[in-house]
Amino acid sequence: MTADQSASEPEASLADEPEVRRALAAGDRTSVSTVVAGHPSSPLAWTELADLADSEGRAIESFAFASVAADFAREQLTAAGWQPGDLVPWSDEPNRAYLRALDTQRRAAQSLGLGDRAARLADELATADAGAPARIASEFTPTQLITIISTSETFTPATSVETHTGDPLAEPAASDAAAGED
């Protein structure tokens, strides 16, 4: 075995974005677009926006946002020496933005009827980290981002109380089977 054969495949990493993580953690669903506006080249911010759109069933927006996230991630990875086909390990937390973006884009492409594109994205994700799809499925499902509807949007309190002014309710009639039993 030569040194080239025993060397592990090169791995790439995205830059850590602690300020973006803090901004996302401090905000809520409505503030994600503000985080993107404040960090417009952040793969993590765009991935969060894509996941949000995905969770709300907005496939076109999800696809677009995830595409932007993946493009920014590829640019950063390439600047760090990455080439398509190199590993992008899930174990390095900043890389999860890229891997999640690929998966979100894949799901949106499938939803939009872009089967060939979805297959290419699935292949790119599996090549980057073969274990990532399972991790994403268990840790970042669309159901984890649930649209919150305030009660003021679904419930209108009564402004007056209706009172019953008719005859009293009749007693239920006994059935024949129960007749004679005490």
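The values are calculated or read from the model by the stated rules, or taken from the named source; none is laboratory data. Predicted model only: the values in this text are computed from it and were never measured. Virtual Cβ from ideal backbone geometry, glycine too; neighbours counted across all protein chains shown. Only protein heavy atoms, including side chains, enter the accessible area calculation; ligands, DNA and RNA are left aside. Shrake-Rupley method; radii C 1.70, N 1.55, O 1.52, S 1.80 Å.
The table for this structure:
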read-out	value
Search result, residues across the stretch 49-74 that are in contact (Cβ under 8 Å) with a residue 24 or more places away in the chain, in a helix (DSSP H, G or I) and among the acidic types (Asp, Glu)	Asp51, Asp54
Of residues in the stretch 37-64 being more than 15 Å from the chain's Cα centre (by Cα) and among the hydroxyl-bearing types (Ser, Thr, Tyr), the one most open to solvent (accessible area, probe 1.4 Å)	Ser41
Residue under evaluation Thr34, criteria (1) of a type outside the set (A, V, I, L, M); (2) within 21 Å of Leu14 (Cα to Cα); (3) open to solvent by 30 Å² or more (accessible area, probe 1.4 Å), criterion not met	(2)
Test: residue in the stretch 101-108 that is part of a loop (DSSP other than H, G, I, E, B), open to solvent by 30 Å² or more (accessible area, probe 1.4 Å) and either closer than 18 Å to Ser138 by Cβ or without any contact (Cβ under 8 Å) to a residue 60 or more places away in the chain (or both)	no
Some residue of the stretch 30-46 being in contact (Cβ under 8 Å) with a residue 24 or more places away in the chain and of a type in the set (S, T, N, Q)	yes
Check on Gln76, open to solvent by 50 Å² or more (accessible area, probe 1.4 Å) and either of a type in the set (Asp, Glu) or in contact with a Leu (Cβ under 6 Å, 6 or more places away or on another chain) (or both)	yes
Candidate set: the stretch 122-149, residues that are open to solvent by 50 Å² or more (accessible area, probe 1.4 Å) and hydroxyl-bearing (Ser, Thr, Tyr); chosen: the one modelled with the lowest pLDDT	Thr147
